[in-house]
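Asks: There's a structure below that I have some questions on.
Only the coordinates and a few stated rules stand behind these numbers; no lab work does. Source: prediction; values computed, not measured. Using ideal geometry, Cβ is built from the backbone for each residue, glycine included, and neighbour counts are taken over all protein chains shown.
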Amino acid sequence: MIRFILTRLLRAFVTIVLVVTFAFVVLRLSGDPATIILGPEAPPEAIAAFRASWGLDQPVMVQYVQYFAAIFQGDLGMSMRDGRPAFDLVMERIPATLALTIPALFLKLALGVPAGVYAALHQGTAFDRTVMVAAVMGFAVPSFVLALGLVLVFAVNLGWLPSGGRDTVWHAILPIITLGLGGAAALARFTRSAMLEVLGQPYIRTASSKGLAWAVVVRSHALPNAAIPTVTLIGFLVGSLIAGAIVVESVFSWPGVGRLMVVAVANRDLAVVQCILLLVATTMVTSNLIVDFLYGALDPRLRHGARAAA
Amino acid sequence: MKAPLVRIKGLNVAFDGAPAVRGVDLAVHPGEALGLVGESGSGKSVTWLAALRLLPGKAAVQGRVTLDGRDLLSLPTPEMERIRGGRIGIIFQDPSSALNPVLTIRRQISEVLALHRGLSGSAIRAEAKRLLDLVGMPDAEGRLNSYPHEMSGGQNQRVMIAMALAGQPDLLVADEPTTALDVTIQAQILDLLQLIRREMGMALVLISHDLGVVAENCDRVAVMYAGRIVESGPAAALFDAPRHPYARGLIDALPTLEDTRRLAAIPGVVPDPRDMPRGCAFGPRCAHAGPECLLDSPPLRAVAPGRRLACARPDLDLTPARPTPAPHLAEVTS
Amino acid sequence: MSALLDLHDIARSYVTRKGLFGQRKLVRAVDGISLTVNPGETLGIVGESGSGKSTLGRMALGLETPDEGHVTFDGAPMPSHGTPAWRALRRQMQMVFQDPLGALDRRLPVIEQIIEPLIIHGIDGDHRRAGLTALSAVGLSADHGLRYPHELSGGQRQRVVIARALITDPRLLVCDEPVSALDVSIQAQVVNLLIDLQAARGLGMVFISHDLRVVRQIAARVAVMYLGRVVEEAAATDLFRAPQHPYTRALVSAAPSPGPRRIERVILTGEPPNPAARPTGCAFHPRCPVALPRCRTEAPALSRIAPGHAAACHLLSPAAKVAAR
């Protein structure tokens, strides 16, 4: 068991390092922050000074080593734009993002899972077909299109809700719905197919053959099995709590991490982008770790030291 | 003879318009072991799944299945649920996938005890252990906390049998109970089923594609082909002198350990349920088919005490196949 | 006459893990087996799951290389799997497995799959004609050749696999449970076909099956395997008429048959053998109804008990017989 945890932690660590490395390389290949931040007309001396002060004149390998050395000392660097610690900048934005993504996550779960289960139990009915069509649409329609559609209807035409900003609770409603519907569609589709798969298994027939009522068969025999694959997707949704709202935040001018990311990328604000990516990778990897351990709890076949057949 | 425990009358089952069972009449008497034999697609399993209403909703089921004079096919669902697992138990082919992988053995047996016997608490635990002992499970106490994947196929089938016995049924339907098991384990399980049947005075329906298994374990046998019973009778008499060309063919096609003889293969394949031949379904594969076989599906009629036959030419002389080495090209068939 | 296939004291182990985090363990799937197949002879291999019979079949074809011992084909050592020499030899040794659908490509008409080996091995000639001949040899028509695998029945598919295996005119055919998935009436068709083809072409054949009744029909000699070792080997007639090893006796007595039973039924207790937990001494002793104390500690060697009849059992060794007198 300890070896299992250690290998998983090591794998998680390597994943994070790879993500950060990738970001590091791509950002440095995609344009010079000095020219972008100071503007194309800045005098060469100013650019040189800027580069020297941020260490951009060093060879890339040296920057890379210094960057990682700093991370291990808890220093995620300064924003090139306003000179504040990148970590502080990002942390300031997290509550705003979570204010959208956490309610959206609950919306996804509350809509997606029951819809998927119900559709699977009533396969082929009008409800099932409706769920499937909605799910395919939720899958196919990009979130900005959905967002714009919602804005058009509820903000522009009906005037019930604001179209952007973060002044009142009302401002959060459209972004949350946009995020929630898309995820709910994917979750419903996934839950439905997991449930259908389980309902076709011989042990479901066995459970019925014992005389258990159908509701009991579904509750005690089908759902625990269908939960196993569904947990993977839920884990992914939890993992994208921070990064999952980039588009929606942009559309609704919501001052969250996603918007910060977009601005930072545009400005080649290296430290901020790297800090966000590190944070996103850590959340994703952590939720994956939790999913792995949940598997063990849900599925005895994966439990450690499985007592093999005699 | 006593009144039958379960009587199936005129049972028809179709899936999306394709008939799987076509007018089956069958009676199971208290305490008897009835074998139902046939190849894949013969409808032998579907007959009993339909009788217990375990088929998916798209199956169209007609006919009557009576237990104590009540028609199971028209019983309200809660009453049917009292019969399933209570009066009639059923076990399936692949025990390892027929048990729920995420629930302990204790949990899966206890469900039945709580439902049909009204037991609770420590009584359940004691009874579950007693049942595992009864089916010959080594270390019954310890096995209660195991999961199906931790046990062998034979042990899982023992658990299935224990579960089926938990409701103290009058009839146990065993659907290919040993097909997925090794030969020596198959012998153990069949032996166990016989022992339990005698001790509990329970009736047994043994569904199998293996004539040998049915012959050795059943008092009475019904042979099914393409959704119909083509012949039924006492096991010994039927296997000794089958009257239906298909039953004869099945016996001649079965290799034995006694000698090597050329196996008499039945030419052709089982008909497609969507495209049934006219008249007798076996006609196109039958060496004895005559013009009368094209007229109608022959009904199952009594031809001797305890023996019934569905053949338009009931007086055929079906002497055992002689070893006739035919050139293999003559068998262009399947 | 020199043997077509000679397995000499071969052994093969696998690394397994118990559970997800368990310790690695070396499991001997096949443990010191010597067998020969002569041209035109069918050797039956009988065993339950975990007996190592399929591993043995794969080593006979050179698909796996034994860890110990060696395999010779036609007097020459079996080349390693994947080498050009092995690929060249493949046209002389073919195989048929249980699942014909898995062995066929569902996107190609079956005739193209039947002649594929001719192309692979660069054999010249009229491939189409050869394909049609092969089809008719297995009792299928030219029309069947144009169909796709899913348009054929299980028995027909297995005929296609057999046609493909035989098109390069091999000298050895290894069949692993070739009729186990088929219904009785169709099984008889395929068994007859294999018997006829084997006789007509003088094939050496290894026929692996758990079904004693089928092996009885098709094999001249039979080896019974238990936990990676041969426990009894004899001519089929002798082995099934008078099985000697307690395990073989149990197997023979357990084979269900509609006719009268000739030998008293022996029902073995205990679980099927698990290669990962091999008992000490004679591997069969925990389930053996006649085991002696000695069987727990000392593994019996496979030794001759009658002409052409070998068994691995302390009770059957000549010394034991003398002691019994």
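Asks: Using only Cα atoms, locate the centre of region B:191-215 and the centre of region C:30-94, then give the distance between them in Å, rounded to an integer.
Replies: Between the Cα centres of region B:191-215 and region C:30-94 lies a distance of 41 Å.
Asks: Specify whether the C-alpha gyration tensor of region C:179-240 places it in the rounded, prolate or oblate class, a ≥ b ≥ c being the square roots of the eigenvalues: rounded for a/c under 1.5, otherwise prolate if a/b is larger than b/c and oblate if not.
Replies: Values: a/c = 2.07, a/b = 1.39, b/c = 1.49.
It comes out oblate by the Cα gyration axes.
Asks: Okay, next question. Does chain A classify as rounded, prolate or oblate by the C-alpha gyration tensor (a ≥ b ≥ c root eigenvalues; a/c under 1.5 gives rounded; else a/b over b/c gives prolate, otherwise oblate)?
Replies: Details: a/c = 3.33, a/b = 1.55, b/c = 2.14.
Oblate, because a/c is 1.5 or more while a/b does not exceed b/c.
Asks: Let me ask something else about it. Using alpha-carbon positions, what is the distance between the centroids of region A:231-280 and region A:33-71, in Å?
Replies: Using only Cα atoms to place each centre, the spacing works out to 24 Å.
Asks: So what is the relative contact order of chain B, in percent, for Cα pairs below 8 Å that sit 6 or more residues apart?
Replies: 19 percent
Asks: Residue by residue, what Karplus-based ³J(HN,Hα) values in Hz, rounded to whole numbers, does region A:229-237 have, using 6.51, -1.76 and 1.60 with θ = phi - 60° and x for Gly and Pro?
Replies: Values, residue by residue: x, 5, 4, 4, 5, 4, x, 5, 5 Hz.
Asks: Okay, next question. Based solely on its DSSP helices, what 222 nm [θ] is calculated for chain C when runs of n ≥ 4 H residues each add -39,500 (n - 2.57) and the sum is averaged over all residues, nearest 500 deg cm²/dmol? If you can, show how the numbers build up before the last one.
Replies: Values: 13 runs with 109 residues, N = 325.
Taking each H run of at least 4 residues, the total per residue is -9000 deg cm²/dmol.
Asks: Name the residue, out of A:GLY138, A:GLY159, A:GLY235, whose mean-square fluctuation peaks in a Gaussian network model built on chain A with Cα pairs under 10 Å.
Replies: For chain A, modelled as a Gaussian network with Cα springs under 10 Å, the answer is A:GLY159.
Asks: Could you run the Karplus curve 6.51 cos²θ - 1.76 cosθ + 1.60 with θ = phi - 60° over region A:276-282 and give me ³J(HN,Hα) per residue in whole Hz, x for Gly and Pro?
Replies: Working through the residues one at a time gives 5, 4, 4, 5, 5, 4, 5 Hz.
Asks: Could you please state, rounded to a whole Å, how far the C-alpha centre of region A:157-172 is from the C-alpha centre of region B:42-116?
Replies: 56 Å
Asks: Explain nothing, just compute: Karplus ³J(HN,Hα) = 6.51 cos²θ - 1.76 cosθ + 1.60, θ = phi - 60°, for every residue of region A:27-33 in order, whole Hz, x for Gly and Pro.
Replies: In residue order, the calculated couplings are 4, 6, 8, 9, x, 8, x Hz.
Asks: Then there's this: For C:LYS25, go through the lysines and keep the ones whose alpha-carbon is under 26 Å away, minus same-chain ones fewer than eight residues off.
Replies: C:LYS53
Asks: Let me ask another. Taking amide H positions as placed 1.01 Å from N in the peptide plane, with prolines and chain starts having none, which residues 5 or more places from B:ARG228, or on another chain, fall under 5 Å of its amide H?
Replies: B:ARG22
Asks: Add +1 for every Lys or Arg and -1 for every Asp or Glu among the other residues with Cβ under 10 Å from the Cβ of A:PRO33, and state the total. If you can, show how the numbers build up before the last one.
Replies: On the way: positive: A:ARG28, A:ARG51, A:ARG81, A:ARG268; negative: A:ASP32, A:ASP269.
Taking every other residue near A:PRO33 into account, the sum is +2.
Asks: Mind telling me which of B:ALA162, B:ALA265, B:ALA51 comes out most flexible in a GNM of chain B, alpha-carbon contacts under 10 Å?
Replies: B:ALA265
Asks: Once you have a ≥ b ≥ c as the square roots of the Cα gyration tensor eigenvalues for region C:65-195, tell me rounded if a/c is under 1.5, and otherwise prolate or oblate according to whether a/b is larger than b/c.
Replies: oblate
Asks: Only Cα pairs under 8 Å and at least 6 apart count here; give the relative contact order of chain C as a rounded whole percent.
Replies: About 20 percent, as a whole number.
Asks: Note down the relative contact order for chain A as a percent, whole number, built from C-alpha pairs under 8 angstrom at least six residues apart.
Replies: RCO, chain A: 27 percent.
Asks: Here's a follow-up. Of the candidates B:ARG143, B:ARG262, B:ARG197, which one comes out as most mobile in a Gaussian network treatment of chain B with C-alpha springs shorter than 10 Å?
Replies: Largest GNM mean-square fluctuation: B:ARG262.
Asks: What is the sum of charges, Lys and Arg at +1 and Asp and Glu at -1, for the other residues whose Cβ falls under 13 Å from the Cβ of A:ASN267?
Replies: Once positives and negatives cancel, what remains is 0.
Asks: Grab the other residues whose beta carbon is less than 12 angstrom from that of B:LEU254, score K and R as +1, D and E as -1, and report the net.
Replies: Net of charged neighbours comes to -2.
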